[in-house]
Amino acid sequence: MQVYSFSPFGYEGSLVSVEVDLRRGIPAVDIVGLAEGAVKESRERMRSAIRNCGFEFPPERVLISLAPADLRKEGAAFDLAVALAVLCEKDVADGKGTSLLDGNILVMGELELNGRVRPLKGVHAAVSTARDGGIRRAIVPKENADEAREIGGMEVFGASSLVDAYAALMDGSRFSAKQDCGHGGGPSFPCDEVGGVLFPKADPGLEFADIRGQDFFIRGLQLAAAGGHNVMAFGPPGCGKTLAMQKFPALLPLLDPEESRPVTRIYSIAGLLPTDSPLVRDAPFRQPHQTASMEGMCGGGPRLTPGEISLAHNGVLFLDEAAEFKSSVLQMLRVPLESGSITLSRAGRSTVFPASFQLLIATNPCPCGNFGSREKICLCSANSVSLYWRKFSAPLLDRIDIRVQVEKREGNAGGKDDGERLTTAFLRRGIAKAVLVQRERQGKKNARLSPAELSEYCVLSAEAKEALESASLRHSFSPRSVSSVVKLSRTIADMKGEGTIGLESMEEALSYRRGGGLVEELGML
């Protein structure tokens, strides 16, 4: 039997083989294999745990090898693997034979001195890596067992102590995999099904009917949720832009299993996976503070842990008061928005984190917040307004599909029926219709269509094509801007059930690209 553990590093991490040799000499425990401080200290924890659990510690000199030897080993997750490897090697030396299990096994867990096993972070990533390496059994802390069982094809035992873990090695029937109910029924977690698409359970605090007089803005958020488009909203303080965007999670469908796996892995690595939810199904919604550093947004640190853009993978990154973020942080978003991933490097090693996120931006139009207002006077100079918007470079703004100038309004300017019409339930119905069309047609959101796929899936009518060409010439659209408008018009047509993009859908898409007179005045087109 070969015992493996896991060394976390970035998104991938590495399997580590744990080998033990008992030899003649003064009783001692030696660990080789480029082990850092916490790993070397495991020999004392392991020795005490073995004795306090009633086992006999080998009286020989113990050599523990962690391979590959040139890979730095960090963390306390090796304790349980080392202890079990020592006990198995002692059984062999005593002529008791090896465990009843055949083949390789992954073992993870930090030991307390009394032999209890403490929970860990990164178990989902470790078990997933083990499965890909051909390992089919794993012993993990009891608190992490459900998380590990989410990996298909793995048999898992959740150990609460060293005694439990050793007993599992002797009895393969203690291992179990996730059970498939096989009834073909609905999901076992709370959710709402709308038109064949699953959404999070309705939350009264995320009801869009509470927002009155912002129909154009809310419609833009509906389109953004339906097609995965980036949104920028700007307007004076108190106009409701932040309030509406914070309700955006109510419009996001639940992640399907393929989308959920990388998100769960990222949250497991970051130690943010809830104990009552071994699989992340809600689309992430991250709202970092304006003081967030480059490392906090990108990820990094000694073990290259994920940053905010990776924690927002397959979900939303919301930047409120975006102009207050550092310019370097805002400009860093450009490449991940395009590629859907970010590469981090440290000490000769690198890792690639998924970072396919939807960007929501809310900001004031100027430092005082009154630029473009019909009711208040802006006290900012032309130079200060220019410097304020200079943080949003043209390449970043070019990647924003929907731009909305939000004006402060009293009451509901859209009529008495709008409060009922623009409920969260109503918005979800249109989103569900577009989501189903996209899943069946291309298997991804419209915002992620490649240039080659645009010609295949986004067929324009003659009138729509003429309107796009006219707007492109009038506003000097870049090729990316044209693609952005086409993708947004595709989403609008999907919500209407149209195969060919018509003039009406194209004009609505262009209205969100123009976003209001302030957009043209600021040169954001």
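With respect to being surrounded by fewer than 19 Cβ atoms within 10 Å (Cβ to Cβ), assigned to a loop (DSSP other than H, G, I, E, B) and touching a helix residue (DSSP H, G or I) at 6+ places or on another chain (Cβ under 7 Å), Thr291 falls outside the description.
Assessment of region 269-276 against the conditions (touching a Gly at 6+ places or on another chain (Cβ under 9 Å) and either at negative phi or crowded, with 16+ Cβ neighbours inside 10 Å (or both)) yields at least one matching residue. Considering Glu308, Glu324, the condition of being under 21 Å from Asn230 (Cα atoms) and either modelled with pLDDT of 95 or more or under 16 Å from the mean Cα position of the chain (by Cα) (or both) is satisfied by Glu308 alone. The criterion of at least 1 residues that are charged (D, E, K, R), touching a Leu at 6+ places or on another chain (Cβ under 8 Å) and modelled with pLDDT under 95 is met by the following helices (runs of 4 or more DSSP H) wholly inside region 442-525: 503-514. Which of the residues that make up region 24-54 are outside any helix (DSSP H, G or I), closer than 17 Å to Asn114 by Cβ and either open to solvent by less than 50 Å² (accessible area, probe 1.4 Å) or in contact with a strand residue (DSSP E or B) (Cβ under 9 Å, 6 or more places away or on another chain) (or both)? Within region 24-54, just Cys53 meets the criteria. Taken over region 151-166, the criterion of being touching a helix residue (DSSP H, G or I) at 6+ places or on another chain (Cβ under 7 Å) and open to solvent by less than 40 Å² (accessible area, probe 1.4 Å) is satisfied by Ile151, Met154, Val156, Phe157, Gly158, Ala159, Ser160, Leu162, Ala165. Sub-6 Å Cβ pairs linking a first residue in region 350-363 that is at pLDDT below 95 to a second residue that is among the charged types (D, E, K, R), at least 6 apart or interchain, are Thr351/Glu12, ordered by first then second residue.
If you go through region 344-371 and keep only what is crowded, with 16+ Cβ neighbours inside 10 Å and within 22 Å of the chain's Cα centre (by Cα), you end up with Leu344, Thr351, Phe353, Pro354, Ala355, Ser356, Phe357, Gln358, Leu359, Leu360, Ile361, Ala362. Among Gly134, Gly186, Gly182, which is the only one that is modelled with pLDDT of 90 or more and either open to solvent by 10 Å² or more (accessible area, probe 1.4 Å) or among the aromatic types (Phe, Trp, Tyr) (or both)? Among Gly134, Gly186, Gly182, only Gly134 is modelled with pLDDT of 90 or more and either open to solvent by 10 Å² or more (accessible area, probe 1.4 Å) or among the aromatic types (Phe, Trp, Tyr) (or both). Just to be sure, is Gly228 touching a residue at least 60 places away in the same chain (Cβ under 8 Å), crowded, with 21+ Cβ neighbours inside 10 Å and not basic (Lys, Arg)? Spelling it out, Gly228 is indeed touching a residue at least 60 places away in the same chain (Cβ under 8 Å), crowded, with 21+ Cβ neighbours inside 10 Å and not basic (Lys, Arg). Sub-6 Å Cβ pairs linking a first residue in region 294-308 that is more than 17 Å from Leu330 (Cβ to Cβ) to a second residue that is surrounded by fewer than 16 Cβ atoms within 10 Å (Cβ to Cβ) and not acidic (Asp, Glu), at least 6 apart or interchain, are Leu304/Arg346, ordered by first then second residue.
The values are calculated or read from the model by the stated rules, or taken from the named source; none is laboratory data. Source: prediction; values computed, not measured. FYI the Cβ positions are ideal-geometry reconstructions off the backbone, even for glycines, and counts take in every protein chain you see. Areas reflect the complete protein model, heavy atoms only, side chains present, ligands, DNA and RNA absent. Shrake-Rupley method; radii C 1.70, N 1.55, O 1.52, S 1.80 Å.
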